[in-house]
1. Go through the residues of segment 119-134 one by one and say whether even a single one is free of Cβ contacts under 8 Å to residues at least 40 places away in the same chain, among the β-branched types (Val, Ile, Thr) and surrounded by fewer than 20 Cβ atoms within 10 Å (Cβ to Cβ).
2. In segment 254-271, which residues are small (Gly, Ala, Ser) and either under 15 Å from ALA80 (Cα atoms) or open to solvent by 30 Å² or more (accessible area, probe 1.4 Å) (or both)?
3. Against the definition (of a type in the set (Ser, Thr, Tyr) and more than 16 Å from the chain's Cα centre (by Cα)), how does SER129 come out, yes or no?
4. Only one of these is closer than 20 Å to SER221 by Cβ and polar (S, T, N, Q): THR89, THR75, THR39. Name it.
5. State the number of residues belonging to segment 135-161 that are surrounded by 20 or more Cβ atoms within 10 Å (Cβ to Cβ) and either aromatic (Phe, Trp, Tyr) or touching a residue at least 40 places away in the same chain (Cβ under 8 Å) (or both).
6. Pull out all pairs, ordered by first then second residue, where Cβ-Cβ is under 9 Å, the residues are six or more apart or on different chains, the first lies in segment 14-32 and is on the phi < 0 side of the Ramachandran plot, and the second is open to solvent by less than 20 Å² (accessible area, probe 1.4 Å) and modelled with pLDDT of 90 or more.
7. I'd like to check which helices (runs of 4 or more DSSP H) are fully inside segment 96-213 and have at least 1 residues that are within 25 Å of ALA41 (Cα to Cα).
8. For the structure I just gave you, tell me whether VAL111 is in contact with a strand residue (DSSP E or B) (Cβ under 7 Å, 6 or more places away or on another chain) and either hydroxyl-bearing (Ser, Thr, Tyr) or surrounded by 19 or more Cβ atoms within 10 Å (Cβ to Cβ) (or both).
Amino acid sequence: MPALEQFLGSSAGLSPATVTRLTKQWSDGHAAFQQRDLTEADYVYVWADGVHPKVRLGQAHSCVLVLMGVRLDGTKELIALAEGLRESTESWADLLRDCRRRGMRDPELVVGDGAMGLWKALAEVFPASRHQRCWVHKARNVTNALPKSAQPGATKAMQEIYNAEDRAHAEKAIEAFAKTYGAKFPKAVAKITEDCDELLTFYDFPAEHWIHLRTTNPIESTFSTVKLRTKVTRGAGSPAAALAMVFKLVESARARWRAVTGAHLVALVRAGATFENGILVERQEQAA
């Protein structure tokens, strides 16, 4: 890692030849990563997001499309990282098809922002996966549609929804939100009411996992450090080298990723166990 630290801290300490050699190494590492076999890696939950690190990529509006997953044992893992357009169904479909071709099976749940081209692509490539919209992105979109004076109240009202103890209370909180803001700010309210089902999918999964499933935070928090580091160096050179550098940074962040809470429940989710409002429902025959 010293070379990476040096490279990011200041390229002054590295000769152009060294920089070239490092970026080539990282590019090769990223290429091998993007071609590895995924048959044995069973991702039960997947977070997806398109992020804009401070490096120049190939196209004007392109970003880094990121897939992160939770394996059967509850550990988190980077699945894929590629350049693409966040809003493009085709970009996401290419990435997902590539993962399927390499042996990835349908995750139980995919968490992402509603504004991405991801959802149509998912329906095509991994049709068995359920969808959960990210509450951080959603709350941001809703507050942006409100005047400053209404924002603190609306933020609190949204917390009442996603922190509710069960789906019924969350639905009541959505009704209350619509009642309070619907007359004056119908557009802001529609952002929640129209996505109601996909905002509350997490209630069908173990309560221990809710904190992980409501948002794409695992990607956001990893990339906030990546953005800090990539700001230091604009000079990664080619788009491929820039992407390879981002990959290397995410790889080095991986040591700090912790397994999900209630890791032992992930295998139950994959085995098709039913959870109602976060609680495991024992099968009827067992109860009898």
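The values are calculated or read from the model by the stated rules, or taken from the named source; none is laboratory data. What you are looking at is a predicted structure, and each value in this text was computed from that prediction instead of being measured. Using ideal geometry, Cβ is built from the backbone for each residue, glycine included, and neighbour counts are taken over all protein chains shown. Each accessible area value is taken on the protein alone, full model and side chains, heavy atoms only, with ligands, DNA and RNA left out. Shrake-Rupley method; radii C 1.70, N 1.55, O 1.52, S 1.80 Å.
1. Checking segment 119-134: not a single residue is free of Cβ contacts under 8 Å to residues at least 40 places away in the same chain, among the β-branched types (Val, Ile, Thr) and surrounded by fewer than 20 Cβ atoms within 10 Å (Cβ to Cβ).
2. Correct list: ALA255, ALA259, ALA267, ALA271.
3. Considered against the rule, which asks whether it is of a type in the set (Ser, Thr, Tyr) and more than 16 Å from the chain's Cα centre (by Cα), SER129 comes out as no.
4. THR75
5. Adding up the residues that qualify gives 3.
6. Between residues of segment 14-32 that are on the phi < 0 side of the Ramachandran plot and residues that are open to solvent by less than 20 Å² (accessible area, probe 1.4 Å) and modelled with pLDDT of 90 or more, the close pairs are TRP26/PHE247; SER27/PHE247; GLY29/PHE247; HIS30/LEU81; HIS30/PHE247.
7. 118-125, 210-213
8. yes
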